[in-house]
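First the structure, in the form of structure tokens, and then the observations on it.
The values are calculated or read from the model by the stated rules, or taken from the named source; none is laboratory data. Because the structure is predicted, anything quoted here is derived from the model rather than measured. Glycine gets a Cβ as well: all are built from the backbone with ideal geometry, and neighbour counts include every protein chain shown. Just so you know, the surface numbers come from the protein's heavy atoms only, side chains and all, with ligands and any DNA or RNA stripped out. Shrake-Rupley method; radii C 1.70, N 1.55, O 1.52, S 1.80 Å.
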Amino acid sequence: MRRVSLSVNGAPRELDLEPRELLVLRPARPSGADGATNVGCDNPRRAAPARSCSTARRSSRATVLGVQADGAEITTIEGLASNGELHPVQQAFHEQHALQCGYCTPGMVLATVSLLEENPSPSEEEVRRALEGNLCRCTGYQNIVKAVQAVGS
Ligand code: FES
């Protein structure tokens, strides 16, 4: 076991993790995250969305080892809304009908927030490229792209 210190949605946390354990923030963990986390492929080389940066902001899929997150500041989907108000990206996904079952939505929303921090006005091609590792089985992506561009400046 190795002690890992990190911040989840602004709250400091310490976890004892096996070095081979994926970073999966769930209620069973004392991390404070209660949203659904989709566990990525155990072999990140085979997982299409192996996009999680060390802060896990780009995807809700856990393809990062927990010990790699030592010292990281992590924002989960639960950390976006504030005072009962949806984050503008969440609101745009709602308004543009950019979700159906919602399985992919946390990853899409977090990837979008990250994209817009780096590029506030992405082209359609840039949006599609930024989100290409996040798979959606429902929407056909068109409304997701519309939502991203609706919130972009
Ligand atoms: S909304 Fe169902 S997988 Fe994307």
So Val127 clears everything in (1) at pLDDT below 95; (2) not in a loop (DSSP other than H, G, I, E, B) except one condition, right? Which one? (1)
Given the criteria at pLDDT 95 or above, surrounded by fewer than 19 Cβ atoms within 10 Å (Cβ to Cβ) and closer than 21 Å to Glu85 by Cα, does Gln142 qualify? no
Does at least one position in region 79-89 carry a residue that is open to solvent by 60 Å² or more (accessible area, probe 1.4 Å), at pLDDT below 95 and not in a loop (DSSP other than H, G, I, E, B)? yes
Criterion: closer than 18 Å to Glu78 by Cα, open to solvent by 10 Å² or more (accessible area, probe 1.4 Å) and either in contact with a strand residue (DSSP E or B) (Cβ under 8 Å, 6 or more places away or on another chain) or within 12 Å of the ligand (Cβ to nearest atom) (or both) - qualifying residue of Cys136, Cys104: Cys104
State which residue pairs qualify: first residue at pLDDT 95 or above and inside region 91-108, second residue near the ligand (Cβ under 7 Å from one of its atoms) and not in a loop (DSSP other than H, G, I, E, B) in any location, beta carbons under 6 Å apart, and separation of 6 or more residues or different chains. Leu99/Thr105
Return the residues of region 65-78 that are open to solvent by less than 60 Å² (accessible area, probe 1.4 Å) and of a type in the set (S, T, N, Q); say none if nothing qualifies. Thr75, Thr76
Determine whether region 41-61 contains at least one residue that is more than 24 Å from Val127 (Cβ to Cβ) and at pLDDT 50 or above. no
If a residue must be within 15 Å of the chain's Cα centre (by Cα), small (Gly, Ala, Ser) and more than 22 Å from Asn9 (Cα to Cα), how many such residues does region 101-153 contain? 2
